[in-house]
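**Q** I have a structure I would like to understand better, so I am pasting it below and will then ask my questions one at a time.
The values are calculated or read from the model by the stated rules, or taken from the named source; none is laboratory data. Quick caveat, the model's predicted, so the values are computed rather than measured. Backbone-built Cβ (ideal geometry, glycine too); neighbour counts: all protein chains shown.
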Amino acid sequence: MPILNLYNLKEFDSALISQILSIYITDVTKDIERLSELLKSNQHEEIRRLAHKIVGASKTVGATKVAEIAEEIEDKAEKKAPINDIQFIKSLNGAFNEVKEHIYKNDLIH
Amino acid sequence: MNKLKRILLIDDDFVTNFINENLIKEMGIAEEILCFKNGKEAIDFFKNRDSSQPPIDLVFLDLNMPVMDGFQFMEAYHKLEKKSTSEVIVAMLTSSSLEKEKEIADQLGVQEHLNKPLTKEKINQLFLKYYS
C-alpha cells in the first residue's frame, strides 16, 4: 500500500495539489501535536474528535497509513478503552513523517 | 448535467473542505459553493438568508464536528425548514462507518451516506439519482 495515494486528487493540476498538500502538512502537524497532549490526559471525547479529523483529512488526500492509525485511536477513544499514548504517537508520527518525506522527495510541494 | 445554484460544504477539516470545493468547481456543477467549519456556522447562514438569495440545492455534511455536530445541525435545520418550502438534499460525508450513526442520521432526514473521500464518481451518482 503506497504511503500517499494521490488518486483522489487526480482532477487537480500540480499547483493545486501542491497547495492542498501544504495545507495538509501544516494542519495535521498541529493536530498531531495537540493529540499528543490530549493522549496524556485521557480526555476521550476530545481525543476521538481530533483523531476523527485527522482520519478525514488523511483519507481525503490519500495518506492511508496515517488515516488507519488515527482511526485506531478514534476507535479506542470511542470505546473509552485504555490508549497506549507513546506507542500510538510514535506510529502516527512515523507514518506522517513518511508522507512528508514522500512529498518532499517527489517535489510535490513547490 | 444541470448546474445547481448553491452547494454547502460543512466540515471542520479545512483540507477536506478545500479539496471538495475545488473538486466541485472543477466539475462545474454549481454556481456557488459555500464552506462552513461546523453546523452552527451553517445554521446561522440559513437563519440569516432571505428569499431573494439563490436556493441551496445540496449539502455535504460531516457528522463529527466541534461546536455543533452533524446530528445537531439536522435537528436545528428541520426546525428552520418548517418555515421554508425549499427542498435540500443532505448527503452525509464522513470517514466514520458506524451503523449506529447512519441510523440516527437516517432518522434525522439525511438522504445519502457517503464515505470520505468525496470523488467525481460519487458526485455523478448523486446527480443521476436526484437531479437528472
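**Q** Please work out which residue is modelled with the lowest pLDDT, limiting yourself to region B:15-26 and to residues that are over 12 Å from residue A:61 (Cα atoms) and within 8 Å of chain A (Cβ to nearest Cβ).
**A** Of everything passing the filter in region B:15-26, B:26 is modelled with the lowest pLDDT.
**Q** Test residue A:6 against the criterion of being hydrophobic (A, V, I, L, M, F, W, C) and surrounded by 19 or more Cβ atoms within 10 Å (Cβ to Cβ), and give yes or no.
**A** Considered against the rule, which asks whether it is hydrophobic (A, V, I, L, M, F, W, C) and surrounded by 19 or more Cβ atoms within 10 Å (Cβ to Cβ), residue A:6 comes out as no.
**Q** Residue A:11 fails exactly one of the following numbered conditions: (1) farther than 27 Å from residue B:28 by Cα; (2) assigned to a loop (DSSP other than H, G, I, E, B); (3) without any contact (Cβ under 8 Å) to a residue 40 or more places away in the chain. What is the number of that condition?
**A** (1)
**Q** Could you tell me which of the residues B:75, B:121, B:81, B:87 is surrounded by fewer than 19 Cβ atoms within 10 Å (Cβ to Cβ), at pLDDT 90 or above and away from chain A (no Cβ under 14 Å)?
**A** None of the others qualify; the one that does is B:75.
**Q** Which condition number in (1) more than 25 Å from residue B:22 (Cβ to Cβ); (2) exposed (fewer than 12 other Cβ atoms within 10 Å of the Cβ) is the one that residue A:48 fails?
**A** Every condition holds for residue A:48 apart from (2).
**Q** Between A:13, A:27, which is modelled with pLDDT of 90 or more and within 9 Å of chain B (Cβ to nearest Cβ)?
**A** Every option except A:27 fails the conditions.
**Q** Now, a different point. Considering only residues of region A:30-63 that are among the hydroxyl-bearing types (Ser, Thr, Tyr) and either within 12 Å of chain B (Cβ to nearest Cβ) or in contact (Cβ under 8 Å) with a residue 12 or more places away in the chain (or both), which is farthest from residue A:87 (Cα to Cα)?
**A** Ranking the qualifying residues of region A:30-63, first place goes to A:60.
**Q** Name the single residue, out of those in region B:109-118 being in a strand (DSSP E or B) and not aliphatic (A, V, I, L, M), that is surrounded by the most Cβ atoms within 10 Å (Cβ to Cβ).
**A** Per the stated criteria, the residue is B:112.
**Q** List the helices (runs of 4 or more DSSP H) that sit entirely inside region B:39-108 and contain at least 1 residues that are in contact with a strand residue (DSSP E or B) (Cβ under 6 Å, 6 or more places away or on another chain) and either touching a residue at least 60 places away in the same chain (Cβ under 8 Å) or among the aromatic types (Phe, Trp, Tyr) (or both).
**A** B:70-81
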